[in-house]
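Coordinate-derived values only; no laboratory data. Quick caveat, the model's predicted, so the values are computed rather than measured. Cβ placement follows ideal geometry from the backbone for every residue including glycine, while neighbour counts extend to all protein chains displayed.
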Amino acid sequence: MLNLAIIGTGRYGVNIIHAFKQLEYQNIAKLVSICDINEDVLNSHCKKYKVKGYTDYRKMLDSEDIDAVAIATPDHLHKEPCIYAAKSGRHIFVQKPMDITVEGCLEILEEANKSNVLIQVDFHKRYDPYHQQLCKDVKSGKFGTIEYGYVHMEDRIEVPSKWFSSWAHKSSPVWFLGVHFIDLVRWCLGSNGKSAYATGYKMKLKKMGIDTYDSVSAKVIFENGVSVTFDVSWILPENFEAIVNQSIRFVGTEGIIECDTQDRGTRLCSTEKGMETYNIGFILETKDVSGRTVYKGYGIESIMDFVYNLIYIKNGGDFETLRKNSIAAFGEDGLEVTRIAVAIHESLQKDEPVSIR
Ligand SMILES: NC(=O)c1ccc[n+]([C@@H]2O[C@H](COP(=O)([O-])OP(=O)(O)OC[C@H]3O[C@@H](n4cnc5c(N)ncnc54)[C@H](O)[C@@H]3O)[C@@H](O)[C@H]2O)c1
């Protein structure tokens, strides 16, 4: 039985609570404690999920018997808890992005390597079965040599303006959304970024008092020569039919593949909510045979996979084989994604192409 904890139990941390609780139902792991600096949030979760709570993650990690910790603090606040957890010998599951600086990622990796702990980054796009098939097809050479690709990922405006308006200015549509597909493209192409050129707008959100980009359009050239355009934004109208609009495509010498990961074919319209499309492949609420609420989908699978990977390690498996065979993104992937995202932001500042270092 693995003992687990969570740091940051806001909107996304709740999904981690759900996934860890399900592993508890299966006697695989136990959610020992959670930590959040917001006492109201913390107390309500502690009561609902019958788990011990802390407002200081250092105190929690110093006093609890925990094997691993999931970190779901805001984008710019992953580094410190990651380093503290690594130093204390805890395996780490960190939300994307691993950190918003290359130096921060390198520091986290160094501490994780020193303590010999696993660090897995939650790039859950890899767990979507449509993406898995897409990557398999691209890697198989079915489309010949890939020449270029295109990605868009767009959120409705309530995400930066209501969900986390207190820290949206510390993030961007690249950090919050783009990194998901940057990771997926890297994974499919088996290649790291070489250079980036990006343009962006600070307009609508800035007028609302949130100083961050509305949208960014970035062209990234990968080391294997493939050029991929990433269009990301978080200003879609609140009445758009889904919280997120997204797709990916590649074109090669022998073919093309396109995957619309927003509209998967189920559309509905009700008087109450207007037009909607379901994203139930991501997270679907359902019941188990005991009548307990459980969740399915690639968003939950990627969290559970971290625990399965830990079990593999606990049973004598080695990191090298795990990295070779697992579909998960590890610390090195987190670093390479951050290198690309940092170069995109640097290009936005300089208004010129930037080499990825
Ligand atoms: N994998 C995904 O698809 C996905 C989706 C949404 C968000 N996220 C990521 O999850 C992270 C959290 O996003 P969110 O939407 O849940 O934000 P949120 O603002 O709803 O939650 C963040 C929580 O962290 C807490 N917190 C801040 N500093 C803390 C500290 N030092 N110790 C303990 N708790 C602390 C806050 O009080 C808050 O409750 C972000 O990095 C975000 O990018 C991932």
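What to note about this one:
- For LYS139 and ARG58, the difference between the fully extended length at 0.36 nm per residue and the C-alpha to C-alpha distance is 24.9 nm.
- Of interest is the spacing of the C-alpha centroids, which for the stretch 133-170 and the stretch 270-287 amounts to 20 Å.
- Per-residue ellipticity at 222 nm computed for the chain from its helices equals -10500 deg cm²/dmol, with DSSP H segments shorter than 4 residues left out and the rest contributing -39,500 (n - 2.57).
- Calculated FRET efficiency for the pair SER165/ASP40, C-beta based, R₀ 25 Å, to 0.05: 0.90
- Checking the cross-link pairs LYS50/LYS87; LYS30/LYS114; LYS48/LYS287 against a 21 Å limit on the alpha carbon distance flags LYS50/LYS87; LYS30/LYS114 as lying beyond it.
- With the highest mean first, a sort of the peptides 55-63, 245-253, 68-76 on other beta-carbon atoms found within 10 angstrom per residue produces 68-76, 245-253, 55-63.
- The stretch 118-162 shape via C-alpha gyration tensor axes, a/c threshold 1.5: oblate
- Cα gyration tensor category, rounded, prolate or oblate, for the stretch 215-357 with a/c compared to 1.5: oblate
- Here LYS139 is the anchor, and the lysines within straight C-alpha reach of less than 30 Å, apart from those fewer than 8 places off in the same chain, are LYS96, LYS125, LYS194, LYS219, LYS296, LYS324.
- Taken over the chain, the convex hull of the Cα atoms encloses 146 Å³ per residue.
- Global geometry of the stretch 22-65, whether rounded, prolate or oblate, following the gyration tensor of its Cα atoms and the 1.5 cut on a/c: oblate
- For the chain, the list of Cys residues with no other Cys C-beta under 4.7 Å reads CYS35, CYS46, CYS82, CYS105, CYS259, CYS269.
- A Förster distance of 22 Å, applied to the separation of the beta-carbon atoms of GLU352 and LYS204, puts the FRET efficiency at 0.30.
- For the chain, the share of DSSP beta bridges that are antiparallel, to the nearest 5, is 60%.
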